[in-house]
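Student: Could you have a look at this structure, given as structure tokens, before my questions?
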């Protein structure tokens, strides 16, 4: 197949869409982020790439806590709003209904089906952004998004983000079970 | 809405599905990974969380290069195969057709629509996994997956992964344009 070089860029397909919550100057603030990924299983550690001038970073550094919230397509306008307008200029504390968990200082979003409550592990300065590592200390899930006690992505309805079209997408159909469907692979290997 | 605590876990919804390529002992090896995220925009840096005993890590450390390849649902069996069987025991060099780019030592997958060719920036030991940071030096895209010269996710057809159901999913419908739809948000803010 003919390959074309398109130049370096953040072309990871797709990226998750999350709202990062932090308490800044006594108020909850939420920032929309697609630069996020789990990087350690036990304990569960999440990595965020945050532009270093973000208002949110102030709260993360002060409280050593933050949250990661998973919005659904119903919340797309509010989600995108939190990515367009900075907490430096706009008070976003009323965009969502906030609640707090055991860490006390990490505001979480009631309207999001899943909330990851994190303690700051480390901040690593990168070229332009700050790499924020947080240990997931507790996970809150809407009761109606559970199936037999476990989070059910079909009910959670997360979104993903892609560049360069800068678009939010819904989740599609199930493709297959992991650590299972590969056992039927019959291609070349030794 | 009633929230239920489900305990700490890697509940980021959803995670991308990528195949990480590295040259190990003279042969290409590919590892399926969902712990991945972009963490810096310029230059584009990707973070991977890799269990430290993976065969792939040997090649990344030796060559200081690796690749990140985006499989589509058509490749789900081969993709899952590369997540089940370790390069320590199975020679996976023939599972895909490999090609090399300007870094010379990062094998990439011909059958994947998008290939990120990376140079190792840094490895940060975490509790259980190794956090691998790589700068994306070049991106290769199948010509037929471009629209007006830009990568088109509808043609690329990436997959995502979710826990605890351990399932691969296809991308769904477009929800809306980022940095745009939020301008019509009319909720509470100041």
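The values are calculated or read from the model by the stated rules, or taken from the named source; none is laboratory data. Worth saying up front: this structure is predicted, and the values here are computed from it rather than measured. No Cβ is skipped: glycine too gets one built from the backbone with ideal geometry, and neighbour counts run over all protein chains shown.
Student: List, please: which pairs have Cβ atoms under 6 Å, are six or more places apart or on different chains, and start with a residue in segment A:80-93 that is within 7 Å of another protein chain (Cβ to nearest Cβ) and end with one that is surrounded by fewer than 18 Cβ atoms within 10 Å (Cβ to Cβ) and assigned to a loop (DSSP other than H, G, I, E, B)?
Tutor: A:84/B:179; A:90/B:189; A:91/B:190; A:92/B:189
Student: Does residue B:128 satisfy being modelled with pLDDT under 95 and at the interface with chain A (Cβ under 8 Å from one of its Cβ atoms)?
Tutor: Yes; evaluated as a whole, the condition is true for this residue.
Student: Among the listed residues B:187, B:176, B:182, identify the single one that is facing chain A (nearest Cβ under 7 Å), part of a strand (DSSP E or B) and more than 22 Å from residue B:40 (Cβ to Cβ). Spell out how you get there, then give the answer.
Tutor: Values: B:187 fails: part of a strand (DSSP E or B); B:182 fails: part of a strand (DSSP E or B).
Criteria check complete, one pass: B:176.
Student: Here's something else I'd like to know. Looking at segment B:100-125 only, could you name the residues that are more than 13 Å from the chain's Cα centre (by Cα) and buried (at least 21 other Cβ atoms within 10 Å of the Cβ)? Don't jump to the end; show me each part of the working.
Tutor: First pass over segment B:100-125, keeping only residues more than 13 Å from the chain's Cα centre (by Cα): B:100-107, B:110-111, B:119-125.
Passing the criteria: B:106, B:107.
Student: Of the residues in segment B:1-31, how many are over 24 Å from residue A:69 (Cα atoms), without any contact (Cβ under 8 Å) to a residue 60 or more places away in the chain and touching a strand residue (DSSP E or B) at 6+ places or on another chain (Cβ under 6 Å)?
Tutor: 2
Student: Evaluate the following for residue B:57: is it more than 9 Å from chain A (Cβ to nearest Cβ) and either within 19 Å of residue B:92 (Cα to Cα) or over 12 Å from the mean Cα position of the chain (by Cα) (or both)? Spell out how you get there, then give the answer.
Tutor: Details: more than 9 Å from chain A (Cβ to nearest Cβ): yes; either within 19 Å of residue B:92 (Cα to Cα) or over 12 Å from the mean Cα position of the chain (by Cα) (or both): yes.
For residue B:57, the condition - more than 9 Å from chain A (Cβ to nearest Cβ) and either within 19 Å of residue B:92 (Cα to Cα) or over 12 Å from the mean Cα position of the chain (by Cα) (or both) - is met.
Student: A follow-up question, please. Restricting to segment A:12-29, count the residues that are within 7 Å of another protein chain (Cβ to nearest Cβ) and out of contact with any helix residue (DSSP H, G or I) (no Cβ under 9 Å at 6 or more places or on another chain).
Tutor: 3
Student: Residue A:102 fails exactly one of the following numbered conditions: (1) within 27 Å of residue A:155 (Cβ to Cβ); (2) in contact with a helix residue (DSSP H, G or I) (Cβ under 7 Å, 6 or more places away or on another chain). What is the number of that condition?
Tutor: Only one criterion in (1) within 27 Å of residue A:155 (Cβ to Cβ); (2) in contact with a helix residue (DSSP H, G or I) (Cβ under 7 Å, 6 or more places away or on another chain) is unmet by residue A:102, namely (2).
Student: Let me ask something else. Hey, among the residues in segment B:30-53 that are more than 7 Å from every other protein chain (Cβ to nearest Cβ) and within 9 Å of the chain's Cα centre (by Cα), which one's surrounded by the most Cβ atoms within 10 Å (Cβ to Cβ)?
Tutor: At the first step, the residues of segment B:30-53 found to be more than 7 Å from every other protein chain (Cβ to nearest Cβ) are B:30-34, B:48, B:50-53.
From the residues that got through so far, the ones that are within 9 Å of the chain's Cα centre (by Cα) too are B:32-34, B:48.
Numbers: B:32: 22, B:33: 24, B:34: 24, B:48: 28.
Filtering segment B:30-53 for residues that are more than 7 Å from every other protein chain (Cβ to nearest Cβ) and within 9 Å of the chain's Cα centre (by Cα), the one surrounded by the most Cβ atoms within 10 Å (Cβ to Cβ) comes out as B:48.
Student: Take the residues in segment B:151-165 that are out of contact with any strand residue (DSSP E or B) (no Cβ under 6 Å at 6 or more places or on another chain) and exposed (fewer than 15 other Cβ atoms within 10 Å of the Cβ), then tell me which one is farthest from the other protein chains (Cβ to nearest Cβ).
Tutor: Once the filter is applied, the top-ranked residue is B:155.
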